[in-house]
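Peer 1: What follows is a structure written as structure tokens; I'll ask about it next.
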Amino acid sequence: MGRSSGTDAEDTLDLRLPEEFLALCAEADAADRDDLLDRVGDWGRIRTPAGLFHLVPVLCQRDLPLISGWMNDPAVAEFWELAGPRTLTEHHLRAQLTGDGRSVPCLGVLDGTPMSYWEIYRADLDPLARHYPSRPHDTGIHLLIGEAADRGRGVGSTLVRAVADLVLDKRPACARVVAEPDLRNTPSVAAFLSAGFRFSAEVDLPAKRAALMVRDRSVRDLL
């Protein structure tokens, strides 16, 4: 059909893109930014005593139901404090996915099955850096094991060690991997100790008193 004789404004359609489409575009833009963490999604698989493991960056449209379900497990909710409607978890994820790239939320996939949630973040660019003597490129990790059957049998410690190895292998500028589990979360603290981290200090963070755990590149082969 030909164009009408009216003005351009009269001939312009009021197009509204679906929110889901806009969200996917935002996530794609985030993936294309300069990566402060050396492209976590390209780190590849690592063989562990528990099986073949890799990190897959989160896509909200795909992964939100699974992650939100995990956040509503009482054992997880006690420390993550994201129990409730999916919108709480969605806001938490999108804050990272649409941020500047200093934190990358990931699913941990073991032998093809998503079974854990991870955040790989630049600790030296995080508010955590105000609470300890950070060094350039310090890389932090947060994690939760999603399924109760995978807890309490050493899988967490095995995967923490594997992810710390991935960080040190794929981020040559990083000399230390750090974590700050809640001091009350004794299974988490124990998992980091078993994975070759050392207890460095107690730190008072806005939402918790944490155990600062550190794994140094210089001694990785000794632990």
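The values are calculated or read from the model by the stated rules, or taken from the named source; none is laboratory data. Note that the coordinates shown come from a computational prediction; the quantities given were computed from them, not determined experimentally. Reconstructed Cβ throughout: ideal geometry from the backbone, glycine too, with neighbour counts over all protein chains shown. All accessible areas refer to the heavy atoms of the entire protein, side chains included, with ligands and DNA or RNA removed. Shrake-Rupley method; radii C 1.70, N 1.55, O 1.52, S 1.80 Å.
Peer 1: Which one of these does residue 139 not meet: (1) within 20 Å of the chain's Cα centre (by Cα); (2) of a type in the set (S, T, N, Q); (3) open to solvent by 10 Å² or more (accessible area, probe 1.4 Å)?
Peer 2: If we test residue 139 against (1) within 20 Å of the chain's Cα centre (by Cα); (2) of a type in the set (S, T, N, Q); (3) open to solvent by 10 Å² or more (accessible area, probe 1.4 Å), just (3) comes out false.
Peer 1: I'd like the residue in segment 172-209 that is within 18 Å of the chain's Cα centre (by Cα) and assigned to a strand (DSSP E or B) and, out of all such residues, is nearest to residue 78 (Cα to Cα).
Peer 2: Of everything passing the filter in segment 172-209, 182 is nearest to residue 78 (Cα to Cα).
Peer 1: Yes or no: segment 100-110 includes at least one residue that is surrounded by 18 or more Cβ atoms within 10 Å (Cβ to Cβ) and farther than 15 Å from residue 58 by Cβ.
Peer 2: The answer is yes; a qualifying residue exists.
Peer 1: Given the conditions (1) open to solvent by less than 30 Å² (accessible area, probe 1.4 Å); (2) outside any strand (DSSP E or B); (3) out of contact with any Pro (no Cβ under 9 Å at 6 or more places or on another chain), which single one is not true for residue 55?
Peer 2: Result: residue 55 fails condition (2) only.
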